[in-house]
Structures are given as C-alpha cells and as structure tokens.
Amino acid sequence: MWIYEKKLQYPVKVSTCNPTLAKYLVEQYGGADGELAAALRYLNQRYTIPDKVIGLLTDIGTEEFAHLEMIATMIYKLTKDAKPQALKEAGLGEHYVQHDSALFYNNAAGAPFSATYFQAKGDPIADLYEDIAAEEKARATYQWIIDMSDDPDLNDSLRYLREREIVHSQRFREAVEILKDERDRQKIF
C-alpha cells in the first residue's frame, strides 16, 4: 500500500539537549490530538466514507505517520544526551525508570495512549467535522510548543508541522462541502 522512502518528510534539527521541550513534544506523539491519534482516526474512518473523498483520508492518515516519525526524531534528539538527573528535572523521571530512552505512546502528562481519543461515527460529515477539529487542536498545540521553545532549529520543523495541520483542515473542509453538495442534490427516482 505504501512506498517508504527512508528519510523524514521534513528535516529535523535541534540546537541542544532539552528534555523539558521533549516532554512537551510527547503530547504530539501519544496525546489525544497527536499524530498517532490522527493517523489511526483517518485510516479507520475511510472505510465508511464515500468514494469521492476516501483518498483524502488515506493520504492524510499516511502523512500523519510521517509526522509521527518526525516527532519521534525530535524527542530522541532532544533527550539522547540527557543524564537521568536532567530527565528527572524535566518531569521525565518516571518515563526513564519504565522505558529508559525508548519512546512510549503517552501524552505529556504521562497518561498512556487510548483509542478513546477519537471516534468513528459512520456519518461522513460528522466524522469530517471531527477531523477538522482534530487538525485545529493539533495546530494550536504546535503553536503553543513553539511559544515554549527557544530552539530555532526545532521551531523550523514545528512550524512545518503546524502548517501541514492547516492544510489538512482546509482539505477536510473541502471534503465536507463536496459531501454536502452530494447530500443536498435532488434525487429523482
């Protein structure tokens, strides 16, 4: 189904070791509005979406996995040289004790990933509105992480991801209009 090119969708650079910033980024890794939740939401919803927009969910869901890979790379780069004490001071002590430097799907507060983060209603328009909201929440979270960051290299990649959330939201809005037009079209039997 996919062709995988072994490079990130957009380059990820970090200026310095920063476990606190990594802790914030964990929200986009395994949080309710993060990249994993988005990818799973869209790839699941595509089974009950009309053919006119099914490709959109497949394309964006796949891209969200690429974003997940970027976030994982950011977290790794921000923590790879951190000593256990620095991780503890950043609020990642419990993570270190349980996982060492391995990534784990949880949110920034440490709660494990849950499928309850998203829905699949089976009504295409309802599902697409949820998708729009998810993209807007992810965009807002990226902006807030950028606001907390003093790493210009990392902020470049975060701005890229923020802008992709805007594009996805716009594409989902277009899909809603396509489906509304089809729904409202007079049917003659």
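The values are calculated or read from the model by the stated rules, or taken from the named source; none is laboratory data. From a predicted model like this one, the values you see are computed outputs, not experimental measurements. Cβ sites come from the backbone with ideal geometry, for glycine too, and all protein chains shown count toward neighbours. Accessible surface areas use protein heavy atoms only, side chains included; no ligands, DNA or RNA. Shrake-Rupley method; radii C 1.70, N 1.55, O 1.52, S 1.80 Å.
Observations on the model:
- Aspartates and glutamates with Cα under 17 Å of K83, excluding same-chain neighbours fewer than 8 positions away: E94, D100
- Sequence-distant residues sharing a close amide H with N106 (under 5 Å, placed H): G30, F113
- Computed in the context of the full set of protein chains, the accessible area of the chain at 1.4 Å probe radius has 54% of its extent on carbon or sulfur.
- For the range 163-187, the residues whose amide N sits under 14 Å from a probe point set 7 Å from the Cα of K121 along the beta carbon direction are 176-177, 180.
- 10 Å binning of all Cα-Cα separations within the range 78-181, expressed as whole percents from 0 upward: 13, 30, 33, 17, 6, 1
- Computed from label points 7 Å out along Cα-Cβ, the spacing between Q170 and E182 is 2.3 nm.
- Average Cα contact separation per residue, the chain, under 8 Å, 6 or more apart, as relative contact order %: 30
- Think of a 1.4 Å ball rolled over the protein heavy atoms: the chain then has 55 Å² of accessible area per residue.
- Crossing angle, helix 152-184 versus the chain [Cα axis fit, 0-90 degrees, rounded to tens]: 20
- Pairs beyond 19 Å (Cα-Cα), from K52/K180; K23/K80; K77/K137; K6/K137; K13/K77; K13/K80: K77/K137; K6/K137
- Extension gain, E5 back to A109 (0.36 nm per residue minus Cα-Cα distance, nm): 34.2 nm
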